[in-house]
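Before any comments, here is the structure.
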Amino acid sequence: MKNTTNTDNTDNTDKENKTNWHRLWGLMVAPLFERLKCEVTVEFDLSLKSQLLDMVVVTKLEDEPINFDGVNLDYYQGFENLNLHNLISFKSFNESFNQTAIEEFYGHFTNYKKMRNLEDTPEKINLYAVTHHFPEKLFSRYKNTEFLECITENRIYDLKVFTPVRFIITNNFDHPILGLFSNKTEQIIKSTERLKQDGWLLKKVSSYINELYNHYSLEGVNMPYTHEMFLKDHFPPEFHSQFILGKDRGRQEGRQEGRQEGELIGKIQLLQQILKQTVSIKAELLAKNIGELQSLYDSLEKEWLKVQN
């Protein structure tokens, strides 16, 4: 008999990992567009049932182009033509931007038009696909046709099937943020050096550096510049010492909370077996925080006490 429990857990873990990468990417890229005085929404919810678009950038400029004066233009390669509304889909090194992905993107585009009452003015919306891998399979369908225009070789392309989508390929790109998501140590080092040169951007994303490091640790990649190193380089020694103490304390508290969550999950599963009712499968329990687990356990315990009485 086929065991579906492990598959469910794997699918749930993969989905969570993908969500974490996309959220982290969005949070670290957002300061670039905020510096242009744009309104940025990370993981824009497009429906009652969760369908998250990685980023929406609204420039609020109807009659004039966005002002790039005073910013590093190479940070915005591919985004020089920002529109009033800009939808951005991101694919990490674990993913590929294929036919299915672009169809999903067009679906987001349609939903966004409806939500913002832009169905009669779709020309006010630009679509951007930021992807680590060159979309060879997708582009091969339109190679040497008017539907695919190369703006910059191996970097920026416009796919003009239906509503145009601008593709920005980030592989081998020493952009201070995008390059950090490359999964290549050499490229991460180059991007880190760029990031360290620009104080305002480093301060904006410093709180996410350690989380990015943890993601890479899970992937078996050495991150050359951690949050701890950033604090040591840019803050007084006593601040760095406090961070180390807080980090160690956080690890202890995290381990304690993990034990509590594990115990609660075990108790909940046992009560579900006794009561012969499945409120949540294991994958769903693993996704809950300790407060939600405690509430569920209390509810099941009340049911069990009723049966006992």
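The values are calculated or read from the model by the stated rules, or taken from the named source; none is laboratory data. Please read all numbers here as calculations on a predicted model, not as lab measurements. Because the Cβ atoms are built from the backbone with ideal geometry, glycine has one as well, and the counts that use them run over all protein chains shown.
Annotations for the structure displayed:
- Considering the stretch 16-67, and only residues there that are of a type in the set (S, T, N, Q) and within 30 Å of residue 287 (Cβ to Cβ), the residue that is modelled with the highest pLDDT turns out to be 41.
- Answer from 80, 104, 95 - the residue that is surrounded by fewer than 18 Cβ atoms within 10 Å (Cβ to Cβ), at pLDDT below 90 and among the acidic types (Asp, Glu): 95
- Subset of the stretch 175-189 (residues that are out of contact with any strand residue (DSSP E or B) (no Cβ under 8 Å at 6 or more places or on another chain) and surrounded by 20 or more Cβ atoms within 10 Å (Cβ to Cβ)): 175, 176, 177, 179, 180, 181, 182, 187, 188
- Taken over the stretch 282-298, residues that are exposed (fewer than 12 other Cβ atoms within 10 Å of the Cβ) and either among the aliphatic types (A, V, I, L, M) or part of a loop (DSSP other than H, G, I, E, B) (or both) amount to 1.
- Any hit, the stretch 274-281, residues being surrounded by 15 or more Cβ atoms within 10 Å (Cβ to Cβ), modelled with pLDDT under 55 and within 27 Å of the chain's Cα centre (by Cα): no
- Across the stretch 78-99, the number of residues qualifying as within 17 Å of the chain's Cα centre (by Cα), aromatic (Phe, Trp, Tyr) and part of a loop (DSSP other than H, G, I, E, B) comes to 2.
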